[in-house]
1. For residue 248, work out the one condition from (1) part of a loop (DSSP other than H, G, I, E, B); (2) modelled with pLDDT under 95 it doesn't fulfil.
2. Residues of the stretch 132-159 being in a loop (DSSP other than H, G, I, E, B) and crowded, with 16+ Cβ neighbours inside 10 Å, which ones?
3. In contact with a strand residue (DSSP E or B) (Cβ under 8 Å, 6 or more places away or on another chain) and assigned by TED's automatic domain parsing to the domain that holds residue 75, is that true of residue 259?
4. Test each condition in (1) within 26 Å of residue 100 (Cα to Cα); (2) surrounded by 16 or more Cβ atoms within 10 Å (Cβ to Cβ) for residue 285 and report the one that comes out false.
5. Is it the case that residue 271 is free of Cβ contacts under 8 Å to residues at least 40 places away in the same chain, surrounded by 15 or more Cβ atoms within 10 Å (Cβ to Cβ), over 17 Å from the mean Cα position of the chain (by Cα) and farther than 27 Å from residue 244 by Cα?
6. Of all residues in the stretch 327-354, how many are more than 26 Å from the chain's Cα centre (by Cα) and either surrounded by 11 or more Cβ atoms within 10 Å (Cβ to Cβ) or closer than 23 Å to residue 266 by Cα (or both)?
7. Working only within the stretch 179-198, note down all residues that are in contact (Cβ under 8 Å) with a residue 24 or more places away in the chain and either exposed (fewer than 15 other Cβ atoms within 10 Å of the Cβ) or in contact with a strand residue (DSSP E or B) (Cβ under 9 Å, 6 or more places away or on another chain) (or both).
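The values are calculated or read from the model by the stated rules, or taken from the named source; none is laboratory data. Values in this document were obtained by computation on a predicted structure and should not be read as measured data. Using ideal geometry, Cβ is built from the backbone for each residue, glycine included, and neighbour counts are taken over all protein chains shown.
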């Protein structure tokens, strides 16, 4: 009898709950209809979401701690940033308790040399899609517009301050550009043979401009860094420095290579860091942010795994390497992997393995 009563009460309670839920659903106002509906999540799905949320929330915690870490680093260490720019770069010096100092720009003649060279190489982009295709004349308008700009640059070249041989070289480049455009416009056609002959004629002139631009840029930044090193004195030994690069400018990166001359081998990948980005230009704030993350992650590596530099590397990289070797054996293939290097490697963060073939403009014909 008692068991029968308990069963009746249980049935009554269940019906009441279901009915209440049904009534609540039925009683929703009409304006809730478009967004209302029953959600379904299995216990396994809910558990998965709860676990994965830990990783998502980690980044929020990182961001909060990051602001403190950045403040602590800048209060104890000078920081130098060498940022790529179309004007030959920008250098910033952060000193504890002081406003950031930006160095003077590379002399403007650097940009003149670079602009003249780029004007020549841009012609290949103007005509490239229309080679040996006289039926398509859509290239004429852009070329006529570009020719007017080229002529204006040539007309004013004598007003610019630069050595006489630099003047003569840039004048030849601009005159050759105009002659090539006039020939294409007169023939109403652009042939690959003509473009190739033009490129070969200009190459020696372009190489000279590139050499002079590099000399101008390097001389300027080495002078700036020599002055900053003297200014910082003993604090230089605790100074961090970072430069940014995209893939195309990683090898022989100018700003990073200049920094290396003052920081030396022992600072490489320790206090001197090359940060890869996906764009030519990166803001100073973005670079400070990236540098802070690198330094903060190193502390985590030392705390959890006993090595200060291991977090500079893909955390799963060594285990993945072993897994690749094991999986390759199963597939009967030979693993293709680089040599193992220690976490504390002072190797340049760019290609350093010697090989055959040209490695500089001077090596090219």
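1. Result: residue 248 fails condition (1) only.
2. 139
3. Yes: the conditions hold for residue 259.
4. (2)
5. The answer is no for residue 271.
6. The number of residues fulfilling the criteria is 4.
7. 182, 188, 192
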